[in-house]
Structures are given as C-alpha cells and as structure tokens.
C-alpha cells in the first residue's frame with residue numbers, strides 16, 4: 001500500500017515522554033522514543049504500525065510528510081502503561097541522486113530531534129498482516145535487521161510477559177553491524193532478556209564481518225550455520241515465519257533459504273505454501 005493511500009485526516013496528539021539513544025556514539029544513532037498517547041482513543045496489537053506526521057511545508061506543496069513506524073511494545077503499553085507507546089527510530093540520511101549531497105531523512109531526523117515534552121501528530125494504527133498467532137503451541141521464526149526488531153520486541157513482551165502460556169519454539173535471527181548495535185539485545189540495553197523463556201526462546205546474532213567498512217550484517221552465514229533448525233521449523237506446519245527490516249533482506253532470504261532447502265524450486269513451493277496458509281508475514285522498508 002502506498003503511503004499516499006493512508007487516511008491521515010484524523011490525527012491524534014502525542015507527547016514525547018522520553019527519547020533515549022540505545023546505540024553507542026561511534027555507531028549509527030538509534031533512539032528508543034516513548035510517546036504519551038493518553039488523549040488517543042485507538043487500540044493496537046503487536047505488529048501494527050503508526051504513522052508520524054511531520055509538519056510542512058514539504059516538497060510538491062504537501063502540508064505533511066508521513067512515515068510509518070512499527071510499534072515496539074505490546075498492547076499493554078510501554079512498561080505496562082497503556083498511556084504510552086514506544087518506537088525504535090534510526091536517524092537516516094540519503095544521497096541526492098543529482099547533486100550527490102547527503103541529506104537528512106525527514107521523519108527520522110524530526111523524531112530524533114524531538115525533546116521530551118514536545119507534541120507531535122500521529123495517525124493509525126495500521127496493518128493487520130503481521131500479528132502473532134493466538135495458539136500458544138505455534139512456533140515463531142522471526143528474522144529481522146536493524147530497527148526491524150521493533151515488532152519482535154512487542155511479540156516477545158506479549159507472549160512471555162503477559163500471556164505466559166507460550167509452549168511453541170521461538171527463534172529470533174537478528175542482524176546488526178556490531179554487538180553493541182544489537183538493539184534491545186546488547187550489553188547496555190539488554191531489554192529483551194527480561195521477558196523471554198529460556199526453555200523455548202533462542203536468539204541468533206548476525207553481525208557485520210567488517211563494520212567499519214559499512215558492510216551489512218551477515219544474515220546469510222548465520223542462517224546457514226543453523227540450517228538444520230531453520231529448515232526443520234519451516235517444514236513444521238505449526239510454524240509461523242515473520243521477516244522485518246530493509247527490503248533487500250528479502251533477496252538474501254530467498255537465496256539463502258533456497259540453498260538450505262536444496263534448490264530454489266523447493267523453497268519457492270514451500271514459501272507459496274506458507275503464504276497460502278497465512279504463516280508467512282513480511283514488514284519491509286526502504
């Protein structure tokens with residue numbers, strides 16, 4: 001769905017409650033931003049997104065610029081406070097194709113620059129295709145890169161801290177440039193360790209082989225190192241697969257899982273089966 005197709009005619013006011021950098025100073029800036037939404041009247045589920053409206057004027061005469069962000073907490077709110085909602089935001093830049101100039105991403109820089117107490121406009125929530133299954137016996141295979149971990153943080157908090165009845169196996173494959181860039185899983189901000197169940201949960205870290213050269217996380221190698229477990233889960237009819245992160249992750253997965261499956265044709269058929277059974281969900285961004 002194109003961003004221009006979303007209804008943004010009824011925004012809600014949200015107040016920035018806190019904004020904390022969760023990556024070291026010598027890496028890309030990523031912030032955990034908590035919004036107070038006590039004046040809002042909507043409910044949301046894990047895996048959904050909200051839209052942030054950046055006030056204009058903008059290019060082409062647009063009054064607002066809208067960007068979607070995955071909600072990083074469960075339906076019970078950030079730290080069980082239903083008046084608060086959290087986002088995981090990376091400060092982004094891009095190169096102008098004509099001038100070659102490095103330009104700031106509109107929404108990410110707007111959010112990262114917001115100080116506690118500032119008011120912003122949000123819309124949504126959107127998306128119902130990235131929801132965790134209700135059956136606690138289901139297995140979850142989650143694969144994410146960068147801020148793609150946000151919906152998985154919400155999943156884990158919900159199934160382990162709130163439901164507390166999950167029996168299925170849960171596997172998280174998560175990619176980052178360095179160990180300190182493993183959002184919510186690193187030594188300084190090990191948020192997720194407070195919620196998972198050791199009997200059913202395992203996390204696998206895919207790090208960049210050369211982070212100082214801006215090489216991406218080696219998700220391909222990490223998946224291949226755990227090929228038997230990955231393929232066993234994918235073949236289990238009780239497994240749901242979730243993928244979140246940069247859009248280029250899709251090509252990496254198709255190539256890698258095709259090799260794990262033994263051929264591209266075998267994986268294509270299995271992926272089609274997962275999609276048909278509604279056990280394959282993706283959340284990509286550019």
- request: State yes or no: is residue 92 touching a helix residue (DSSP H, G or I) at 6+ places or on another chain (Cβ under 8 Å), free of Cβ contacts under 8 Å to residues at least 40 places away in the same chain and under 25 Å from residue 175 (Cα atoms)?
  value: yes
field: Test for residue 43: is it buried (at least 22 other Cβ atoms within 10 Å of the Cβ) and either touching a helix residue (DSSP H, G or I) at 6+ places or on another chain (Cβ under 8 Å) or assigned to a loop (DSSP other than H, G, I, E, B) (or both)
entry: no
query: Is one or more of the residues making up the range 57-65 exposed (fewer than 14 other Cβ atoms within 10 Å of the Cβ) and in contact with a strand residue (DSSP E or B) (Cβ under 7 Å, 6 or more places away or on another chain)?
result: yes
task: List the number of the failed condition for residue 70; all other conditions in (1) loosely packed, with under 13 Cβ neighbours inside 10 Å; (2) in contact (Cβ under 8 Å) with a residue 12 or more places away in the chain hold.
output: (1)
- prompt: Considering the range 84-112 alone, what residues qualify as being assigned to a loop (DSSP other than H, G, I, E, B) and closer than 22 Å to residue 163 by Cα?
  reply: none
- prompt: So which strands (runs of 3 or more DSSP E) are wholly in the range 201-286 and hold at least 3 residues that are at pLDDT 95 or above and under 22 Å from the mean Cα position of the chain (by Cα)?
  reply: 239-246
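The values are calculated or read from the model by the stated rules, or taken from the named source; none is laboratory data. As the structure is a prediction and not an experimental result, all values here were calculated from the model. Quick reminder, even Gly has a Cβ in these numbers, built from the backbone with ideal geometry, and neighbours come from all protein chains shown.
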